[in-house]
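Q: After the structure tokens below, expect a handful of questions from me.
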Amino acid sequence: MLAAQGPSPAAEEALEKLCRTYWRPIYGFVRRQGVQTEEAKDLTQGFFALLLERRDLETVRKEKGRLRSYLLTSLKHFLTNEHNRAMTIKRGEGQRLIPLEDLRDRERVGFEPAESLPADQIYERRWALSVVDQVLARLGEEYRAAGNIKLFDRLQKSLTDEPDRATPADTAHEFGMTESAVRQASYRLRQRYRQVLREEIAHTVMAAGDIDDELRHLVAVLRA
């Protein structure tokens, strides 16, 4: 995502991906400030519209910073600047922004002002969950392209906290596989998951040496 520089098509795609990946932590932080739903949507849209307009992520490069930290600092400045004036965002005018109007119920959880966690921790957790969602989406597309999306839907539960009562024997019977083949498929998925997670984290830091630190931070946030 730090490739989101300049007017090139690649930069446009990187910026759009940035918005779609980070809107949940950004929106969650704004809601934690006590902002009502519709105003929080407008502020979130406005923040991303400003990023798309300024294209100033070069700051991250110069400071060798992490995108996660840069966005939170930028958001705090943005909210301070917007605090004393009414704001109206014309959605979709010249930019393809995020359809926040289509929030699903499960995505609303943790966005309410009554959430007990501090705003910065809500942001961190939403960031971690968004990165994991991005990884699972990529893996799902890979398995879909290979015609194995149903197997992925079954095996991915072992990657998350989602309970799965199915045993390898159950899965083997369902998909016409041996138990050994199921275990091998699960192992390959975990290996690929780690690889893709590392790739996604790499897109959000400047220095390669920061990847492991950011991975450890993500795991710590999810376990907290």
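The values are calculated or read from the model by the stated rules, or taken from the named source; none is laboratory data. Quantities reported herein were computed from a predicted structural model and do not represent experimental measurements. For neighbour counting, all protein chains shown are included, and Cβ atoms are generated from backbone atoms with ideal geometry for every residue, glycine included. Heads up: the accessible areas ignore ligands, DNA and RNA and are worked out on the full protein's heavy atoms, side chains in. Shrake-Rupley method; radii C 1.70, N 1.55, O 1.52, S 1.80 Å.
Q: Given a Förster radius of 25 Å and the C-beta distance between Arg192 and Asp133 as r, what FRET efficiency does 1/(1 + (r/R0)^6) yield to the nearest 0.05?
A: On the way: r = 16 Å, r/R0 = 0.64.
Step by step, r from the Cβ atoms, then E = 0.95.
Q: In nm, give the distance between the simple-model label positions of Gln184 and Ile211, each being 7 Å from the Cα along the Cα-to-Cβ direction.
A: It works out to 2.8 nm between the two label points.
Q: Still on this structure, I have one more. Ignoring ligands, DNA and RNA, please state the percent of accessible area on region 121-224 from carbon and sulfur, probe 1.4 Å. Could the numbers behind the result be given before it?
A: Details: 2950 of 5960 Å².
About 50 percent, which is the carbon plus sulfur part of the accessible surface.
Q: Ordering Ser116, Ser180 by accessible area with a probe of 1.4 Å, largest first, what comes out?
A: Numbers: Ser116 100, Ser180 65 Å².
If we order Ser116, Ser180 from most to least accessible, we get Ser116, Ser180.
Q: Moving on to the next point. Can you give the FRET efficiency for Gln36 and Asn148, using 1/(1 + (r/R0)^6), R0 = 41 Å, r = Cβ-Cβ distance, to the nearest 0.05? Before the final figure, lay out each step's value.
A: Details: r = 44 Å, r/R0 = 1.07.
About 0.40, to the nearest 0.05.
Q: Heavy atoms only, 1.4 Å probe, whole protein assembly: order Glu38, Glu200 by accessible area, highest first.
A: Numbers: Glu38 110, Glu200 10 Å².
Largest to smallest exposure gives the sequence Glu38, Glu200.
Q: Follow-up. Could you pull out which residues in region 126-162 have an amide N less than 14 Å from a spot 7 Å beyond the Cα of Asp170, following the Cα-Cβ vector?
A: 154-158, 162
Q: Taking 0.36 nm per residue of separation and subtracting the Cα-Cα distance, what length does fully extending Lys76 through Met177 add? Display every interim value, and only then the final one.
A: On the way: separation 101, 0.36 × 101 = 36.36 nm, distance 5.22 nm.
The span from Lys76 to Met177 would gain 31.1 nm if fully extended.
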